[in-house]
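Notes to accompany the following structure.
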Amino acid sequence: MNREREITSSDRFMAKVCMNCTVCKRAREKQQGAAFWFVSKIESDLYPFCRAYERVYGRKAHESVR
């Protein structure tokens, strides 16, 4: 069951933190290496900012923006 959750201002704030996170930013830019592996493995389990990024922008925190 896929329930749509309303995006709150808190989600937007936390997604902005993920956008400015050095590790997440590097993973999105390079698409390989240690940062990419780390973010792709932990983003949805341990890091609430990555979960918020996915809710707000509709893509995983490690996926390329291009």
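Restriction of the chymotrypsin sites (Phe, Trp or Tyr not before Pro) in the range 1-45 to DSSP coil positions whose beta-carbon has at most 12 other beta-carbons within 10 angstrom yields no sites. The HN-Hα couplings worked out from phi for the range 32-47 by the Karplus form 6.51 cos²θ - 1.76 cosθ + 1.60 (θ = phi - 60°) are 6, x, 5, 5, 4, 4, 4, 5, 5, 8, 9, 3, 8, 8, 10, 10 Hz, whole numbers, x standing for Gly and Pro. Using a 1.4 Å probe on the protein heavy atoms, what percent of the accessible area of the chain belongs to carbon and sulfur? With neighbouring chains kept in place, the figure for the chain is 52 percent. Determine, from the Cβ-Cβ distance of R12 and F38 and an R0 of 22 Å, the FRET efficiency 1/(1 + (r/R0)^6), rounded to the nearest 0.05. Using R0 = 22 Å, I get an efficiency of 0.35. Placing unit charges on each Cβ (+1 for Lys and Arg, -1 for Asp and Glu) gives the range 1-54 a dipole about its Cα centre, and among C24, S44, S10 the Cα reaching farthest toward its positive end belongs to C24. Under the convention that each Lys and Arg Cβ holds +1 and each Asp and Glu Cβ holds -1, the size of the dipole of the chain around its Cα centre is about 180 debye. Counted over all Cα-Cα pairs of the chain, pairs farther apart than 17 Å make up 35 percent.
The values are calculated or read from the model by the stated rules, or taken from the named source; none is laboratory data. Just so we're clear, the structure is a prediction, and the values are computed from it rather than from any experiment. Note that we place each Cβ from the backbone using ideal geometry, even for glycine, and neighbour counts take in every protein chain shown. Ligands, DNA and RNA are stripped out before the accessible areas are found, and what is left, the full protein with its side chains, is counted by its heavy atoms. Shrake-Rupley method; radii C 1.70, N 1.55, O 1.52, S 1.80 Å.
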